[in-house]
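Asks: One structure is given below, represented as structure tokens, and several questions about it will come after.
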Amino acid sequence: MKEYKYDVAVVGAGPAGLAAGIGAREGGAEKIVIIERDFMTGGILPQCIHNGFGLHNFGKDLTGPEYAEIYAEKAAALGVEIKLETMVLEIVPAKNILSEADDAVPPSAGLDPGYSGRNPSSGSTTGNVSSSGNVSSSGNVSSSGNVSSSGNVSSSGNVSSSGNVSTTGNVSSSGFPEIHTVICVSKSEGLIKIKAKAVILAMGCRERTRGNIMLPGTRPAGIFTAGLAQRFTNIEGYLPGKNVVILGSGDIGMIMARRLTFEGASVKAVVEVMSFIGGLSRNKVQCLDDFNIPVFLNHTVCYIKGNSRVEGVEIAEIDDEKKIIEGTRRFIECDTLLLSVGLIPENELTEKAGIKLDPRTKGPEVDSTFQTSADGIFACGNVMHVSDLVDYVSEDGITAGIAAARWARFSGKEREKRYPKARQQFTPGRNVSYIVPQAVYTGSDSGENSKTEKSPFKLSFRVTKPMRNVKIQLARREVILHESNVKKIVRPGEMEKIDINDKLLELIISKNDTSDIRVEVIQI
Amino acid sequence: MGSWRSFLKNKYRVVIAGGGVVGCAIARELSQYENLSITLLEKEDDVCSGTSKANNSHIVCGADLDPSCPVEIEMIRRSNKRWESITAELDVEYTRCGSFNVAVTESEFNDTLPALQKKAQSCGIFSTRIIGRDELLSKEPYVNPDALGALYAPEDGSLLSYYLVLALAENAAVNGVKFLFESEVTALSFSQEGKFPWTVEINNGEKTLDADFVINSAGLYSDAVSKMAGWDNFEIRPRKGEFWVIDKKYSSLVNSIVYGCPQPDFRGTTVVKTRDGNLMVGPTARDLRDKEEKGTTQDAMEAGWAAAKRVFPWLDKSMTIHQYAGLRARCAEINDYIIGWHPDGVKPFINAAAIRSTGISGSIGIGEYIAELLTERITLEKNPLFNPVRKKIKRFETASWSEREALVKENPLYGEIICRCQTVSKAEIIEAIHNPLGVVSLDGIKRRTKTQMGRCSGGFCTPRIVKIICEETGSSPLEITKRGRGTEILKRETKNPSSHCRMTAGRSGAGK
Amino acid sequence: MKVITCITCPVGCEITAEEKNGRYLFRGALCKAGEKYAYMELTSPERVVTTSIRIKGSVMPLVSVKTSAPVPREKIRGILDEALKAEIVSPVKRGDVIISNICGTEADLIATRTQ
């Protein structure tokens, strides 16, 4: 297997990965590679031909392809190497002896030192397992044995409380991980190994499917996720349907309603389970209202009809418990159903590498440098949590890139000092569904001379429901550490951010009390 | 194929109606005889398009059958002896993993399990054992901790039905069986004059074939085909089963086939680990009249999951990646398979009808038995060139690292990964497109490669597969179907002015 | 009476507009910008139009395009018709003008990617 060495390797050349590559250069890394499975960069952006990108970062109203090209050009200008049509098969973290229960886990992610023909997929499974077999969606493993949707399983049934599976990898004398291995395949080079001091996960997300939401009915042609329909319409040049119903009022769904209308299709309805529009109000106005496309809030598709092609869908109103209200069923004739029912971070490689996921974000748990539970492996963009604006994805990419470059620069004792084990955790409190990052380094040397990697950062979070006139609080036990000004409105579709500046950081990092800090949204 | 077999245009020794597991097992069995020219008619665009594709991959040894169904028991007994050899010949993954009927209450343990064991014995299966909690937990560690024990049937096994059916069909095709798809038998006429007594009408007269023998393996429609031959004393009443496929990441939580104790009316919901490493929950059971009623329903889902959670309480609906429903071809009047010559003693017509939920398990035996039936009327001559061996497409995902290196070296397209969820390469997709049966629909490629079957359900790879099919076959994307005619996935080009409908004035904001 | 959802900021005020003697009365806007937006939406709503056109000699059959500035909403249909007829030959660069002053809007239809 051919082998390459880099300071920083980035998995994925979408907006997050491109920004991470740029950030890594800004952070001083010399050899940087972005590994991309497609034949072009940009991830999903080339098919997002609508405008609305870059308002936040550039103050310009750009389309997806423009936004992607600007970042790709910048990465190229900075000498960031991009390997196209190269698929990452596995990320093997360097051995991480910091995690205590490591030895309890047998080698499982599948690589023998000599690649001696072992089956790479056998034995590497995910999900923490115990012998009594309960599953908790919150995902911690207890000694009595819960199964979590994140974390690791070894096929022999051992449990690691830290969630790290390690295999081979070089271990430096100080005990810190030195190098990770990213195994890839491409048709031009075959199998290759990319060795990197730091790895950045930027695999993005995927769409939830009919299977995920268990939509009843037949299985005809004409059911597409919104993104798939977008690809066919905008890239391949084919219209997937003429009479269309869209389930889900997320941004992609609304944008596709307009796209398909532009291409001559008739969008019969947008059906939304929640009592509010899932995406940005800008999109509701410009994509639905402009074309008089009806929206059915508090409704769901309860049956798909048609054996060969979709013939129509039955929709119905639902109550607070998401149960169908009988007597409200109605049939809408259509030949196509588009699903815009949410995005899920694409973390198969992450889980295989034994990196801990947050069941709320469905992405890796990260600290304020976007480092995951595996030392030297960072994450950014939608693989970490699904953002509403690509601008935030790029911002996070830069942060992760800089952090990865710094990690790659330090080693031994220096690294130990900068990346202490002690962390302050954040948890979502009232009306908050998740927070990123989930922790910040505290370290024992806080203060002026502190070397720990805990520069000011932003806490990103989403609310659970739309609310008006609220304050955002940071609280530890009963103590409110920070309270924002009144916000007129917060919505689940739009991410909220709190600036954690130096002053606030001092407050947050307390030697006396390390219990979790809650992020809460309070009605006033 | 070779000169050893005389093909007359549209004239065949044997016509098989229906390309499910039963039809394909018969075709494969008969393809080893030199003096038979065989065609198989299938109304869908591929084999394994009906009942055979929708099941839980449990291969029963006969331990849970109804002792009053001698034909079913015999067919399964015959099959049971041949699984290891046939799956080795056809390169189909199979394991005799055993099955468990788990008891979670005292009465289930003390009454139900012994009753089940007794039933197994009266079906001729003496290998079952009642095991205690400890042994159960050693074999299935994540079963309900309240379980008291189980009936263990070590001879039960597991394989993925569509892999078996595809393998049977491909091997039959290579050995000379002709497959006609989108060809529904709509009438049979019998005449004792001339060499070919049967005239088989296809698609209401679109085409006709002549045949010496007609074998009916039409599954849900086996009653209709039988009626065309004048054998009409039974009716197929479909029984719907719904299934849920669980994300692969939970696959280590189940090792084999685990049932609860039977419910009054059916064997009960199982959790099976398939040969692909997915877990499957199901089936439920509901009797229907409509043979096309294949939709999944909310009610069944609730019932099915409740039953499955009795065995594995950690199961959660959020783990599902796919769901589907299948209809089993169960007969209303006769509580058994219906296999045999036409009862008039004259017509060269054989029924392999009413092959219900155990059909996969019985299929190999049915093929064998039907060959025996044929020898009652003609002498079968072995074809010396018969090739029993079929090789599946080499998969990148399951290959070891060294095998992967070799695969890419030999064919660089193994290095171009098209399906990211299941790690399927372009090489595999191209090989699937050129399959011996000539099936190029998306579902056909799905079953042959596992693309579109993963977590994203084809959201990512579908456009790429469409492109590859077009490159390989010269078709337009507009011709690509999900599963044969009427299921085209795309409507028209977006930027072809001649086919473009303008944005309708009333709907646009223009002019408001 | 018309209801307009303001998109100036995330609050998304629902602004009711009533016309009296050629003047508009707005209710429900929390700020002046909202009233201004509502007035624009009522009198001369503008949108950036994005779509795609055919391209020859590229790996992909289409190239994405947009209007270089917001255009009156009633021009959308005409612009889409022009885009449907247009076809260019590769290469094209991001920002290249495909159709200048499209439909008399003073905005150009420009390519949004290089291919």
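The values are calculated or read from the model by the stated rules, or taken from the named source; none is laboratory data. Given the structure is predicted, the values throughout are model-derived calculations rather than measurements. Methodologically, a virtual Cβ is constructed for each residue, glycine included, from the backbone with ideal geometry; neighbour enumeration extends over all protein chains shown.
Asks: Here's a check for you: in the stretch C:62-74, which residue that is within 17 Å of the chain's Cα centre (by Cα) and surrounded by 20 or more Cβ atoms within 10 Å (Cβ to Cβ) is farthest from the other protein chains (Cβ to nearest Cβ)?
Replies: Here is the first cut: in the stretch C:62-74, the ones within 17 Å of the chain's Cα centre (by Cα) are C:64-74.
Cutting the leftovers down to surrounded by 20 or more Cβ atoms within 10 Å (Cβ to Cβ) gives us C:64-67, C:71, C:73.
Working: C:Ser64: 4, C:Val65: 8, C:Lys66: 6, C:Thr67: 9, C:Val71: 11, C:Arg73: 5 Å.
Among those residues, the one meeting the criterion is C:Val71.
Asks: Restricting to the stretch B:56-98, count the residues that are under 22 Å from B:Asn387 (Cβ atoms), surrounded by fewer than 21 Cβ atoms within 10 Å (Cβ to Cβ) and aliphatic (A, V, I, L, M).
Replies: Number of matching residues: 1.
Asks: Could you please give the count of residues in the stretch A:33-52 that are more than 10 Å from chain C (Cβ to nearest Cβ) and either over 22 Å from the mean Cα position of the chain (by Cα) or among the acidic types (Asp, Glu) (or both)?
Replies: Number satisfying all stated conditions: 2.
Asks: If you don't mind, another one. Scan (1) under 28 Å from the mean Cα position of the chain (by Cα); (2) within 13 Å of chain A (Cβ to nearest Cβ) for the single condition B:Arg404 breaks and write down its number.
Replies: Checking B:Arg404 against (1) under 28 Å from the mean Cα position of the chain (by Cα); (2) within 13 Å of chain A (Cβ to nearest Cβ), the one that fails is (1).
Asks: So, one more: Residue check, B:Ala187 against (1) free of Cβ contacts under 8 Å to residues at least 60 places away in the same chain; (2) touching a Leu at 6+ places or on another chain (Cβ under 7 Å), all met but one. Which one?
Replies: Status for B:Ala187: all satisfied but (2).
Asks: Considering only residues that are among the aliphatic types (A, V, I, L, M) and either under 24 Å from B:Ile86 (Cα atoms) or surrounded by fewer than 21 Cβ atoms within 10 Å (Cβ to Cβ) (or both), which ones fall in the stretch B:132-166?
Replies: B:Leu137, B:Leu148, B:Ala153, B:Leu159, B:Leu160, B:Leu164, B:Val165, B:Leu166
Asks: Here is a further query. Scan the stretch B:337-366 residue by residue and report those that are touching a Ser or Thr at 6+ places or on another chain (Cβ under 8 Å) and assigned to a loop (DSSP other than H, G, I, E, B).
Replies: B:Ala354, B:Ile355
Asks: Which residues, counting only those in the stretch A:184-212, are over 18 Å from A:Leu337 (Cα atoms), more than 7 Å from chain B (Cβ to nearest Cβ) and either without any contact (Cβ under 8 Å) to a residue 40 or more places away in the chain or of a type in the set (Lys, Arg) (or both)?
Replies: A:Lys193, A:Lys195, A:Lys197
Asks: If you check A:Lys497, A:Lys511, which single one turns out to be loosely packed, with under 15 Cβ neighbours inside 10 Å, modelled with pLDDT under 90 and of a type in the set (D, E, K, R)? Can you show your working first?
Replies: On the way: A:Lys497 fails: modelled with pLDDT under 90.
Only one candidate qualifies: A:Lys511.
Asks: For the condition touching a residue at least 12 places away in the same chain (Cβ under 8 Å), part of a helix (DSSP H, G or I) and closer than 27 Å to B:Gly23 by Cβ, what is the one hit in B:Tyr414, B:Tyr369?
Replies: Answer to the check: B:Tyr369.
Asks: Can you tell me which of A:Leu215, A:Leu228 is of a type in the set (A, V, I, L, M, F, W, C), in a loop (DSSP other than H, G, I, E, B) and either in contact with a Leu (Cβ under 7 Å, 6 or more places away or on another chain) or facing chain B (nearest Cβ under 9 Å) (or both)? Please lay out each step first, then the result.
Replies: Details: A:Leu228 fails: in a loop (DSSP other than H, G, I, E, B).
Unique residue meeting the criteria: A:Leu215.
Asks: Could you run through the stretch B:185-232 and say how many residues are assigned to a helix (DSSP H, G or I) and not aliphatic (A, V, I, L, M)?
Replies: We begin by selecting, within the stretch B:185-232, every residue assigned to a helix (DSSP H, G or I); these are B:203-205, B:219-228.
Subsequent filtering for residues that are not aliphatic (A, V, I, L, M) retains B:203-205, B:219, B:221-223, B:226-227.
Number satisfying all stated conditions: 9.
Asks: Next question, about the same structure. What is the residue count in the stretch A:394-434 for residues that are part of a loop (DSSP other than H, G, I, E, B) and under 15 Å from A:Asp367 (Cα atoms)?
Replies: Going through the stretch A:394-434, the residues part of a loop (DSSP other than H, G, I, E, B) turn out to be A:410-411, A:419-422, A:429-431.
Those left that are additionally under 15 Å from A:Asp367 (Cα atoms): A:419-422.
Residues meeting the conditions: 4.
Asks: Suppose we keep only residues that are aliphatic (A, V, I, L, M) and part of a loop (DSSP other than H, G, I, E, B) within the stretch C:72-95. Which one would you say is farthest from C:Ser58 (Cα to Cα)?
Replies: Across the stretch C:72-95, the extreme among qualifying residues is C:Ala86.
Asks: Among the numbered conditions (1) buried (at least 19 other Cβ atoms within 10 Å of the Cβ); (2) under 21 Å from the mean Cα position of the chain (by Cα); (3) closer than 23 Å to B:Ser499 by Cα, tell me where C:Ile55 comes up short.
Replies: (2)
Asks: Residue check, A:Lys242 against (1) more than 7 Å from chain B (Cβ to nearest Cβ); (2) under 30 Å from B:Lys53 (Cβ atoms), all met but one. Which one?
Replies: Unmet condition: (1).
Asks: Within the stretch B:44-60, count every residue that is assigned to a loop (DSSP other than H, G, I, E, B) and among the hydroxyl-bearing types (Ser, Thr, Tyr).
Replies: The qualifying residues number 2.
Asks: Out of everything in the stretch A:53-88 that is within 9 Å of chain C (Cβ to nearest Cβ) and touching a residue at least 24 places away in the same chain (Cβ under 8 Å), what residue ends up being surrounded by the fewest Cβ atoms within 10 Å (Cβ to Cβ)?
Replies: Ranking the qualifying residues of the stretch A:53-88, first place goes to A:Glu69.
Asks: Could you count how many residues in the stretch B:295-306 are aliphatic (A, V, I, L, M) and either on the phi > 0 side of the Ramachandran plot or surrounded by fewer than 18 Cβ atoms within 10 Å (Cβ to Cβ) (or both)?
Replies: Counting residues in the stretch B:295-306 that are aliphatic (A, V, I, L, M) and either on the phi > 0 side of the Ramachandran plot or surrounded by fewer than 18 Cβ atoms within 10 Å (Cβ to Cβ) (or both) gives 2.
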